[in-house]
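J.: First the structure, which I've put down as structure tokens, then a few questions once you've had a look.
The values are calculated or read from the model by the stated rules, or taken from the named source; none is laboratory data. Quick caveat, the model's predicted, so the values are computed rather than measured. Neighbour counts run over all protein chains shown; Cβ positions are idealised from the backbone, glycine included.
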Amino acid sequence: MDDTIAAIATPTGSGGIAVIRISGPKAPEILDNIFIPNKSDSKPTPYFLRFGRIVGQNGSEALDEVMAAYMPGSKSFTGEDMVEIYCHAGQFLAKAILDNILKYDCRPAEAGEFSQRRFLNHGVDLTRLEGSAEVVAAKTDLAFRLSKEHLLGAYGEHLAALREKMVHLLAEVEADIDFPEEESVGTIGRDKLEAELDGIIENLSRLVGSYQTGRIIQDGYRVVILGPPNAGKSSLFNRLVKQNRALVTPVPGTTRDWLSEWIDLDGLPVELYDTAGLAAGRGRVEKAGIAKTRSLIGRADLMVVVYDIASRTMLSVIENLRAGQDIIFVFNKIDLVDKPDTVMAKRREKLPPDAAVCTVSALTGRGLTELTGLIAGKAGLADLTESLVVTSYRHKTKLDRALAHLKRIRRQKNLPVEMISFELRQAAGRIDEITGHIYTEEILDKIFSRFCIGK
Amino acid sequence: MTEPDFDIIVVGGGHAGTEAVRAASRLGMKVALVTMDKNKLALMSCNPAVGGVGKGHLVREVDALGGIIGVATDYAGIQFRRLNLSKGPAVRSTRVQCDRREYSRFVSQFVARLSGVEIIEDEATGLVIENNRVKGIKSRNNNDITAKAVILATGTFLNGLMHIGDRKFSGGRRDDPAAVGLTESLQVAGFETGRLKTGTPPRIDGRTIDYSKVEAQPGHEPPPCFSHFHATSPRLNNAGLCYLTYTTPETARIIRENLDRVPLYSGQIKGRGPRYCPSIEDKVVRFADKQRHQLFIEPEGNGTEEIYLNGFSTSIPEDIQAAAVRTVIGLENAVITKPGYAIEYDYVPPFQIKPSLETRRVAGLFHAGQINGTSGYEEAAAQGLIAGINATLYIEGREPFVLGRDESYIGVMLDDIVTRNISEPYRMFTSRAEFRLALREDNALDRLVPYGRKYNLYSDDELALIARREKELEETVGYLKSTKVSAGILKEQFGLETKKGSMTISELMCRPEVELEKILSWSGDGFRDRIEVFEKAYILLKYKGYLKKQEREIERRRRLEGIAIPSDFDYSSLTGLKKEATEKLNRFRPFTVGQAGRIEGVTPSDMAVLTIYISGRQKRPSKGVSREAE
């Protein structure tokens, strides 16, 4: 194989670490680009783990601290140059790293593709081969069943309609190429082409956009509780997870690392994080905890900023929100204030007018229902009724790529018709991989049923 | 054991048969061409034209491998056109109107001059097969004729049955008897056979056409020719005119009122006809809302007044044909010289052959042309050529010559027919070629010359010509890459303003808005005499990006194409495959994993399972010994 593939090799769900695997000729080069070892002079020794950071494309932002190993070809699992990165678990983090990797010269691996490469590159003995083949078959079978269920719903219908539109457009374009002497076949005009393309592009974009929601269904909604020290974050966390998991003391800065727990908010899977208080930490350990909180902020879907209603401390750190990131301001300890409403009115002045705000008492549980309602609202659970949702990262990537091909046609005004066909078929090829192959025969069928071909 | 009479027997002297004879003769084989009528070699039984979109590509490829069809067409051509000129280079195709008598005469003389070829006027009535190996044929007039290999290129002759209205008569085509016995012999040998249908329009006396009412279509100047191997610029006859005309609502009315006498609708015809070439009765029924249908008036040659009414293929009764034809614009007084007819014939569904065209069942037996369910002179010629080469390689005990889908339309066609259900006559379209951008008419020779050299398909003259072409291309590309165009000219002639001022001609060519014609008109006559080479260089430069993308995909695919599936492989043993995939794979028995992926109903997950099993199975024995030694 001469292209490089990458995927998260560990199953979705809870677990301590996730493994990201890269296989192919570009694997070592990609590792060099994204990984900065802590010992800056450390050279990649095959099969030795190195500790370091994963950084973004411009080398700036650190995504996670990881262990990475380089396994040169021939002896590696796939039989080609391979890299494995062991990062903190949580699909979002691993996916962020994978996304980063995919910015380089590689593509997402298909289901079972690592194993396929292994078998293509290594000869293995029959028992092992059959064992592995069954695993792969079971996987794809499961994937098939799962995707079939998924594909039977509105999502499936939408994709089928999309595919149909692609076949339709391809038939127009191909008929124009193959039957130039036919009166009934006209050259598809640029206007018509663009109109049809735009329809498809819009559909695809909507699907790609829905992945945000799909991802939440699949991987959970990441809610990070943060705030100044001693605002009662851990109490709130405990309230929400309904168990005393986090250690709570009146000493500010008790939570030095973060904790996380899954909770179910009326069907919305929430991965809830409790974090160290954000203030200039005094001790080293505390500082490290705060740094981790900041990195969590970057990956949160929703931040629940908790303040002590009696305190005037406000945070200035939460300024640069990512697109799609949301924030709820929670004023805690209302049980300790005489006139919470009056106090609240003052507090509110310092917040943006459209900010989502609520008051709670983590101690008594007052206001909790309102808060969970706000969280669910922010997750956009209501959108799910439409159920037009991409939940698979693989699907999302394919749709993204299909979109890129179609946009290329749109951009180049004088693209010759066979190049238009080339891009269309590339796009169709990506959608194919989700919906099933578009055969040339199908396009021809369409041509012969729509046009009277007869020379 | 006595030495067989011949190395190779070719049954049928049509477009497939004659190419097979030519290739085998070139490779030094002793060949018998068994044909019913030696005066009717390479007859154009249907339309008097060669090429068209996709088909023109095939002709260029056959020519690039030393075939006859390109040269014969250039020689017999009376009107030369390039189709899709407004589109990109990959889909431009040559189409040539021919003088059908000249065409046949040229091929006959060509075949007569071939060494080691004997033409036997006879009819093959059966095969001689021993131990699943072909030994020769049974013939009507002679005894058994023996050979090491047999190529069946029988066209529409196998149990051919013609239909005009409710009249049915046996025959291989107009005025020729059908071949009876061969199908049965194939069935006895275990082959599955099927029935296909095709048709032809009436021929009209050109003197009865009112040409003032129809639109003339002249050829293109300069005339594009097919063959790569003209030593000097060939003298092409481009004076022939075709005409465009239309049916009227009256045409449709007459046909519709007589549908009960149309064999296609009365149930008399059982074979399936091609959808891309429907009969006129099919057109008026299926596209009833169309007010008119386009027809082409095509001359059959220079020395004849007969014309071919393209688009009016039919099997309606003769009297209705006469009446319907007279409703066509310009044909109000037209006289039919030969009525149109439909013909049904036997074919051997081609999942029973290998991509080399040898049958899977009988060693040394090759099928080429319509017997494989294909249609068209070009498709037939390509198969004839490949069958001729592979029959020779078979006799010499060498590996067969199989072209890939990524290097030729021939490869696309042969791969297509062995991996799919052929239920209507198969015709080439460019949309069948997924690597279309790389498979152009202009680079047919570049793509195939390594094989032509490898298999010794060229004469010394041809080799010299090829070498000259290659040198010219190299020089031209070098010139384009090194010659600068000044900023002034860029602005003046091409309306371009660039930061760095001047640019080379090749850089200029890469600009999307710069057309070839613009460069040619600017550069004057410098390249007019080498226009073909210049154009090729232009295409190479202009489409570099896309070609590169396609090349990457080709590379990815090649790996799977290289994984052979053992012929005894039992798909039922793979628990991971879905039922449909198992059934299809057991029927089509693909030769490679790549082919398996193109069979309808085989999904990507089936492919993953298959790939893993097959590649594991393949590598095991070869590594077994060294493993144990480790």
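J.: Considering only residues of the range A:388-418 that are surrounded by fewer than 18 Cβ atoms within 10 Å (Cβ to Cβ) and away from chain B (no Cβ under 14 Å), which is farthest from A:ILE188 (Cα to Cα)?
T.: Result: A:ASP400.
J.: Moving on. Does any residue in the range A:195-209 that is closer than 13 Å to A:HIS168 by Cα come within less than 7 Å, Cβ to Cβ, of a residue that is of a type in the set (A, V, I, L, M) and part of a helix (DSSP H, G or I) six or more places away or on a different chain, and which pairs are these?
T.: Every condition considered, the pairs that remain are A:GLU196/A:LEU169; A:LEU197/A:LEU406; A:LEU197/A:ILE409; A:ILE200/A:LEU162; A:ILE200/A:MET166; A:ILE200/A:LEU406.
J.: While we're looking at this one, here's another question. Check whether at least one residue in the range B:518-525 is more than 11 Å from chain A (Cβ to nearest Cβ), part of a helix (DSSP H, G or I) and farther than 30 Å from B:GLY495 by Cβ, and report yes or no.
T.: Checked against the condition, which is being more than 11 Å from chain A (Cβ to nearest Cβ), part of a helix (DSSP H, G or I) and farther than 30 Å from B:GLY495 by Cβ, the range B:518-525 yields no hits at all.
Table: residues versus (1) exposed (fewer than 15 other Cβ atoms within 10 Å of the Cβ); (2) touching a Gly at 6+ places or on another chain (Cβ under 6 Å); (3) farther than 30 Å from B:VAL62 by Cα; (4) at pLDDT 95 or above.
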{"position": "B:SER185", "(1), (2), (3), (4)": "no, yes, yes, yes"}
{"position": "B:THR193", "(1), (2), (3), (4)": "no, no, no, yes"}
{"position": "B:GLY199", "(1), (2), (3), (4)": "no, no, no, no"}
{"position": "B:THR208", "(1), (2), (3), (4)": "no, no, yes, yes"}
{"position": "B:ASN237", "(1), (2), (3), (4)": "no, no, no, no"}
{"position": "B:CYS242", "(1), (2), (3), (4)": "no, no, no, yes"}
{"position": "B:PRO249", "(1), (2), (3), (4)": "yes, no, yes, yes"}
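J.: Output the number of residues of the range B:307-329 satisfying the condition of being in a loop (DSSP other than H, G, I, E, B), crowded, with 22+ Cβ neighbours inside 10 Å and within 14 Å of chain A (Cβ to nearest Cβ).
T.: Residues meeting the conditions: 5.
J.: A further question follows. Would you tally the residues in the range B:284-306 being part of a strand (DSSP E or B), more than 8 Å from chain A (Cβ to nearest Cβ) and in contact with a Ser or Thr (Cβ under 9 Å, 6 or more places away or on another chain)?
T.: Residues in the range B:284-306 being part of a strand (DSSP E or B), more than 8 Å from chain A (Cβ to nearest Cβ) and in contact with a Ser or Thr (Cβ under 9 Å, 6 or more places away or on another chain): 3 in total.
J.: Of all residues in the range B:566-586 being assigned to a helix (DSSP H, G or I) and of a type in the set (Lys, Arg), which is surrounded by the most Cβ atoms within 10 Å (Cβ to Cβ)? Can you show your working first?
T.: Of the range B:566-586, the ones assigned to a helix (DSSP H, G or I) are B:571-573, B:579-586.
After this cut, where a residue has to be of a type in the set (Lys, Arg) as well, the list is B:579, B:584.
Values: B:LYS579: 9, B:LYS584: 23.
Ranking the qualifying residues of the range B:566-586, first place goes to B:LYS584.
This table checks each residue for (1) over 21 Å from B:ASN310 (Cβ atoms); (2) buried (at least 21 other Cβ atoms within 10 Å of the Cβ); (3) modelled with pLDDT of 95 or more.
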{"residue": "B:GLY56", "(1), (2), (3)": "no, yes, yes"}
{"residue": "B:LEU65", "(1), (2), (3)": "yes, yes, yes"}
{"residue": "B:ILE68", "(1), (2), (3)": "yes, yes, yes"}
{"residue": "B:THR73", "(1), (2), (3)": "no, yes, yes"}
{"residue": "B:PRO89", "(1), (2), (3)": "yes, yes, no"}
{"residue": "B:CYS98", "(1), (2), (3)": "no, yes, yes"}
{"residue": "B:ARG105", "(1), (2), (3)": "yes, no, yes"}
{"residue": "B:SER115", "(1), (2), (3)": "yes, no, yes"}
{"residue": "B:ILE119", "(1), (2), (3)": "yes, no, yes"}
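J.: If I ask for residues that are surrounded by 22 or more Cβ atoms within 10 Å (Cβ to Cβ), at pLDDT 95 or above and basic (Lys, Arg), which ones from the range B:380-416 would you list?
T.: Matches in the range B:380-416: none.
J.: Considering each residue of the range B:250-283, count those that are away from every other protein chain (no Cβ under 13 Å) and within 23 Å of B:VAL348 (Cα to Cα), and give that number.
T.: Matching residues across the range B:250-283 total 6.
J.: While we're looking at this one, here's another question. Name the residues in the range B:456-478 that are within 18 Å of B:LEU540 (Cβ to Cβ) and not charged (D, E, K, R), would you? Let's see the steps before the verdict.
T.: So the first thing to find is which residues in the range B:456-478 are within 18 Å of B:LEU540 (Cβ to Cβ), and the list is B:466, B:469-478.
Of everything in the range B:456-478, those that are within 18 Å of B:LEU540 (Cβ to Cβ) and not charged (D, E, K, R) turn out to be B:ILE466, B:LEU473, B:THR476, B:VAL477, B:GLY478.
J.: While we're here: Take A:PRO37 and decide whether it is at pLDDT 85 or above and within 14 Å of chain B (Cβ to nearest Cβ).
T.: Judged against the criteria, A:PRO37 is not a match.
J.: Here is a follow-up. Consider B:ILE386 against the criteria (1) outside any strand (DSSP E or B); (2) within 25 Å of B:ARG272 (Cβ to Cβ): it satisfies all of them except one. Which criterion is unmet?
T.: B:ILE386 satisfies all of (1) outside any strand (DSSP E or B); (2) within 25 Å of B:ARG272 (Cβ to Cβ) except (2).
J.: How many residues, within the range B:401-452, are β-branched (Val, Ile, Thr), within 13 Å of another protein chain (Cβ to nearest Cβ) and part of a loop (DSSP other than H, G, I, E, B)?
T.: Result for the range B:401-452: 1.
J.: Test of understanding: among B:VAL53, B:VAL59, which residue is in contact (Cβ under 8 Å) with a residue 12 or more places away in the chain and part of a helix (DSSP H, G or I)?
T.: Going through B:VAL53, B:VAL59 in turn, the sole match is B:VAL59.
J.: Touching a strand residue (DSSP E or B) at 6+ places or on another chain (Cβ under 9 Å) and among the β-branched types (Val, Ile, Thr): is that true of B:THR476 in this structure?
T.: So B:THR476 does not fit the description; no.
J.: Being charged (D, E, K, R) and under 20 Å from B:LEU540 (Cβ atoms) is true for just one of B:LYS491, B:LYS481. Which residue is that?
T.: Answer to the selection: B:LYS481.
J.: Please state which one of B:VAL412, B:VAL402, B:VAL325, B:VAL335 is in contact with a Lys or Arg (Cβ under 6 Å, 6 or more places away or on another chain) and among the aliphatic types (A, V, I, L, M).
T.: Residue meeting the stated conditions: B:VAL412.
J.: Starting from residues that are more than 9 Å from every other protein chain (Cβ to nearest Cβ) and part of a helix (DSSP H, G or I), keep the ones in the range B:587-606 and report whichever is nearest to B:PRO350 (Cα to Cα).
T.: Filtering the range B:587-606 for residues that are more than 9 Å from every other protein chain (Cβ to nearest Cβ) and part of a helix (DSSP H, G or I), the one nearest to B:PRO350 (Cα to Cα) comes out as B:PHE588.
J.: In the range B:10-49, what residues are assigned to a strand (DSSP E or B) and within 14 Å of chain A (Cβ to nearest Cβ)? Please lay out each step first, then the result.
T.: Start the filter on the range B:10-49 by keeping residues that are assigned to a strand (DSSP E or B), which leaves B:10-11, B:31-35, B:49.
The one that is assigned to a strand (DSSP E or B) and within 14 Å of chain A (Cβ to nearest Cβ): B:ALA49.
J.: If I ask for residues that are within 12 Å of another protein chain (Cβ to nearest Cβ) and either under 26 Å from the mean Cα position of the chain (by Cα) or among the hydrophobic types (A, V, I, L, M, F, W, C) (or both), which ones from the range B:556-575 would you list? Full working, then the answer.
T.: Start the filter on the range B:556-575 by keeping residues that are within 12 Å of another protein chain (Cβ to nearest Cβ), which leaves B:556-560, B:562-563, B:573-575.
If the condition is that a residue be within 12 Å of another protein chain (Cβ to nearest Cβ) and either under 26 Å from the mean Cα position of the chain (by Cα) or among the hydrophobic types (A, V, I, L, M, F, W, C) (or both), then B:ARG557, B:ARG558, B:LEU560, B:GLY562, B:ILE563, B:LEU574 are the ones that fit.
J.: Condition first: at pLDDT below 80, within 14 Å of another protein chain (Cβ to nearest Cβ) and exposed (fewer than 15 other Cβ atoms within 10 Å of the Cβ). Can you find one or more residues in the range A:179-195 that meet it?
T.: yes
J.: What are the pairs with Cβ atoms under 9 angstrom where one residue, in the range B:198-223, is β-branched (Val, Ile, Thr) and assigned to a helix (DSSP H, G or I) and the other, located anywhere, is modelled with pLDDT of 95 or more and surrounded by 13 or more Cβ atoms within 10 Å (Cβ to Cβ)? Sequence gap at least six, or different chains.
T.: B:THR208/B:LEU331; B:THR208/B:ALA334; B:THR208/B:VAL335
J.: Then there is this: For the structure I just gave you, tell me whether B:GLU492 is within 14 Å of chain A (Cβ to nearest Cβ), free of Cβ contacts under 8 Å to residues at least 12 places away in the same chain and not hydrophobic (A, V, I, L, M, F, W, C).
T.: No: the conditions fail for B:GLU492.
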